[in-house]
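K.L.:
First the structure, which I've put down as structure tokens, then a few questions once you've had a look.
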Amino acid sequence: MMLLGNTIFAESIEDVEDEINQIEKEKDKLKKDQGDLDEDKADTDSKMDENESQKASAEDELETITNELESTQASIDSKQSEITETNEKIEKLSKQVKQLKKDIKKLKQRIKERDELLKSRMISLQKSGGGVQYMEVLFGSQSFGDFISRSSAVTTIMDQDEKILEIHMQDKSDLETKQVAVEEKSEEVESKKATLETQKDELVALKETLDSQKDEQDSLIAQLETEYEELTEYKVSIEEEKEILAAETEALEKAQQVAVDRKSELEQLAKKREEEERARRKAEEEKARREAEEEKRQLAAQKEKDTETIEQEPEEDNSPPDNNIGNVDFIRPVSGGVTSPYGYRTHPVTGEVLSFHSGVDLAAGEGTTLRAAAPGVVSITSSLSTYGNTIMITHVIDGQEYTTLYAHLSSYSVSPGQVVEQGEVIGKTGSTGRVTGPHLHFEIYKGSFGGKNRVNPIDYLP
């Protein structure tokens, strides 16, 4: 049997009862599906709460790491300033060391020269036996005045040797002192620089670790935000699917009521036919009685004609009409050809590779007349996320529920609960929702709306 407009065609009342029972089973199934969706929604809400908690924790951790990074960077800058200052000191000290080395070089040269001079004098003294030369100078004077002059000269020479020796010793002492000072100062500055460099390296290593941790937290937060968006989109799809299932339930109730009404009509028709049959039989019995009496009179009056055939009127054929019109095929809701088939494809809007296309796209310009693919009850006329303006119709054909979906429409000509005939105008095509241009997106579900019931519309269209 099938639902067609306001009339249900069936072979018998039993067929209608089977149809009512089948619809009741579909309603129970939809109720279970709605319960599953409620569980999915609760689970999704829980995941969203957990996501927000993880995100808050990650943001707190990120703030702590950021503060540590700022502090570490400040320490690095401070160490760099100290290193720069130390380098300036080293540069200045290097200049001093360079000058000091020059001074040491000159001093060494003077010491060397004095060493040679003193060595020469000592050799002279040894060869002359001590102070002979000085005595010769004194005794070789020609007069007292000459003696005084020579005596002063000898004393001066002896004083100069002593002073040379004193200066020589002092220079040697200064040389040792300067060398030690240069070495100590250089070691101190180099040691400080090495310490600062080590501290800076440690801080830089710490900063790299913190940068890595910051990148991890940034990545985690981005991942959580993406997950939250996906959960939000999934929650919206659940709520839309709940709305669709509720509308389908109402459509099935409408179909069930139509079937109940038709059953009542068939029962009344059966009762009427039964009464008519009783009346027909009574009339036939009365007619037979009259014919028997007439035959008796005729036999009595005309015995010679007892072989004559008595013609009787043929019986009327009062068998009930055949109201079963067979299976109903789906028709194309618009005349345009397929522009995008059912199945996996590269999404024309998002560019997502291997995106599943749950229906077929049929070519249709803006405002093209849209017709119902089969008789049924309208369940949805609403704007649904990516579908845009959408019509959904529930069909019950030969005991099987089907759902058709028409998306991206510009307008509706029907409303929820309305019974429609196959080919009846239900709206106009458009480009609402997520599309690249006007066309009709058409889906068929063998059962209620849901991915598990989804079928390829091309298998059902002429």
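A short reminder: the numbers here are calculations on the coordinates, not readings from a lab. What you are looking at is a predicted structure, and each value in this text was computed from that prediction instead of being measured. Neighbour counts run over all protein chains shown; Cβ positions are idealised from the backbone, glycine included.
K.L.:
Can you list the residues, at least 5 places off or on another chain, whose amide H is less than 5 Å from the amide H of GLY427, using H built in the peptide plane?
P.N.:
HN-HN under 5 Å from GLY427: LEU370, SER413.
K.L.:
Could you pull out which residues in segment 331-372 have an amide N less than 17 Å from a spot 7 Å beyond the Cα of SER237, following the Cα-Cβ vector?
P.N.:
Inside the label zone: 343-360.
K.L.:
While we're here: Would you mind computing Rg(Cα) / (2.2 N^0.38 Å) for segment 9-121, counting N as its residues? Can you show the working numbers first?
P.N.:
Values: Rg = 46.6 Å, N = 113, 2.2 N^0.38 = 13.3 Å.
Relative to the 2.2 N^0.38 Å estimate, segment 9-121 comes out at 3.51.
K.L.:
Follow-up. Please list, or write none, the lysines whose alpha carbon is within less than 20 Å of the alpha carbon of LYS55, excluding same-chain residues fewer than 8 places away.
P.N.:
Within the straight-line cut-off, LYS55 pairs with LYS47, LYS214, LYS235.
K.L.:
Taking 2.2 N^0.38 Å as the expected size of a compact globular protein, what ratio does the Cα radius of gyration of segment 343-462 give against it, to two decimals?
P.N.:
It is 1.01.
K.L.:
For VAL260 and THR339, calculate 0.36 nm times their separation in residues minus their Cα-Cα distance, and state this gained length in nm to one decimal.
P.N.:
Stretched fully, the VAL260-THR339 segment lengthens by 24.3 nm.
K.L.:
As an exercise, use a Förster radius of 56 Å and the Cβ-Cβ distance of THR198 and GLU366 to find the FRET efficiency, rounded to the nearest 0.05.
P.N.:
0.15
K.L.:
Would you mind putting 362-370, 265-273 in packing order, based on average other-beta-carbon counts within 10 Å, highest first?
P.N.:
So the peptides 362-370, 265-273, ranked by packing, come out 362-370, 265-273.
K.L.:
Hey, fewest Cβ within 10 Å first, where do ASP36, ASP15 land in order?
P.N.:
Taking fewest neighbouring Cβ atoms as first place, the list is ASP36, ASP15.
K.L.:
What does the charge count near GLU85 come to, summing +1 for each Lys or Arg and -1 for each Asp or Glu among other residues with Cβ under 15 Å from its Cβ?
P.N.:
-1
K.L.:
If the cut-off is a Cα-Cα distance under 18 Å, which lysines reach LYS172, setting aside same-chain residues fewer than 8 apart in sequence?
P.N.:
LYS101, LYS102, LYS105, LYS106, LYS108, LYS112, LYS119, LYS163
K.L.:
If you take the beta carbon distance between ASP28 and THR84 as r and set R0 to 56 Å, what does 1/(1 + (r/R0)^6) give as a FRET efficiency, to the nearest 0.05?
P.N.:
Numbers: r = 82 Å, r/R0 = 1.46.
The value I calculate is 0.10.
K.L.:
Can you sort PHE442, PHE356 from fewest to most other Cβ atoms within 10 Å of each residue's own Cβ? The partial results should precede the final answer.
P.N.:
Numbers: PHE442 26, PHE356 12.
By the 10 Å Cβ count, ascending, the order reads PHE356, PHE442.
K.L.:
Take GLU243, GLU208 and order them by how many other Cβ atoms sit within 10 Å, fewest up front.
P.N.:
Starting with the residue having the fewest Cβ neighbours, the order is GLU208, GLU243.
K.L.:
Let me ask another. Sequence-distant or interchain residues sharing an amide H contact under 5 Å with ALA364, placed H: which?
P.N.:
Counting only residues 5 or more places away or on other chains, the set is LEU440.
K.L.:
Label 7 Å along Cα→Cβ of ASN453; segment 366-387 residues with amide nitrogen under 16 Å?
P.N.:
Under cut-off, by backbone N: 374-381.
K.L.:
Expected output is a single nm value to one decimal: the length gained when fully extending between VAL349 and LYS446, i.e. 0.36 nm times separation in residues minus the C-alpha distance. What is it?
P.N.:
Net length gain for the segment: 32.1 nm.
K.L.:
Please compute the modelled spin-label separation between ILE13 and ASP215, points set 7 Å along Cα→Cβ, answer in nm with one decimal.
P.N.:
8.0
K.L.:
Work out the FRET efficiency for ILE167 and LYS95 from their Cβ-Cβ distance, taking R0 = 25 Å, and round it to the nearest 0.05.
P.N.:
So, using R0 = 25 Å, E works out to roughly 0.35.
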